[in-house]
Amino acid sequence: MPTLQHCVAAAVLAAGLGSSARAAELVDFDEFSERFQGAASFVSGPLTFSSDSGYLGVEIAAPANGADNGTPYLVDARGSFGFARSDGQAFVLDSFDIGQSWFTSAPTASVTVSYDRVGGGTTSETLTLTHDFSSFARGLAVTAVHFDLTDGSLGGGYVALDNITISAVPEPATWASFALGLAALGAARRRRPG
């Protein structure tokens, strides 16, 4: 039979975990009903997207070559681009879909993705893009994400990005609640007659 301590510990643990789960947001560009291109920056959901080339856009219809998932997605056809929260807050980059898109028949291209980490520093990785979307789960606490094409032979960005899932960075109070719940569960377990 659960004791009062068990119930309190479970409630504290659930409160700590529930607050971060409710904060998840999906940016999927589905609010765009018409194709556009040539923007230096634009906002979708809680994120602001910007490009050094001024050639960001949202693709609606399937391109001649490349990634297409049947829904609108961001495309950068030249240079590098990135995104951050419009309110300047840090966030957890949970996952994103990325592929190679538009007017190139090359089977793959490489893109360097850099993550500006919360608390300072940058982490980067090189992803190989194909003509299909691939999903990448990251779970990184960041302030911004940048994409730079590393294969110059393609003559431009041609990067397709969709289904970006972000969540709030857990606040210290959330971690404290989680730790308190674990400690209470441990204490209750130690006191239980063996």
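Annotations for the structure displayed:
- Unmet criterion (only one of (1) closer than 21 Å to ALA141 by Cα; (2) free of Cβ contacts under 8 Å to residues at least 60 places away in the same chain; (3) buried (at least 19 other Cβ atoms within 10 Å of the Cβ)) for SER101: (1)
- Test set (1) modelled with pLDDT of 85 or more; (2) touching a Phe, Trp or Tyr at 6+ places or on another chain (Cβ under 6 Å); (3) surrounded by 13 or more Cβ atoms within 10 Å (Cβ to Cβ) - SER114 fails condition number: (2)
- Only one entry in ALA40, ALA77, ALA84, ALA90 is in the same structural domain as ARG138 (by TED's automatic domain parsing) and closer than 17 Å to TYR158 by Cβ, namely ALA77.
- Yes/no for ARG85 being under 17 Å from PHE147 (Cβ atoms) and modelled with pLDDT under 95: no
- The set of residues in the range 63-91 that are in contact with a Gly (Cβ under 8 Å, 6 or more places away or on another chain), at negative phi and surrounded by fewer than 20 Cβ atoms within 10 Å (Cβ to Cβ) comprises ARG78, SER80.
The values are calculated or read from the model by the stated rules, or taken from the named source; none is laboratory data. Because the structure is predicted, anything quoted here is derived from the model rather than measured. Here the Cβ is made from the backbone with ideal geometry for all residues, glycine too, and neighbour counts use every protein chain on show.
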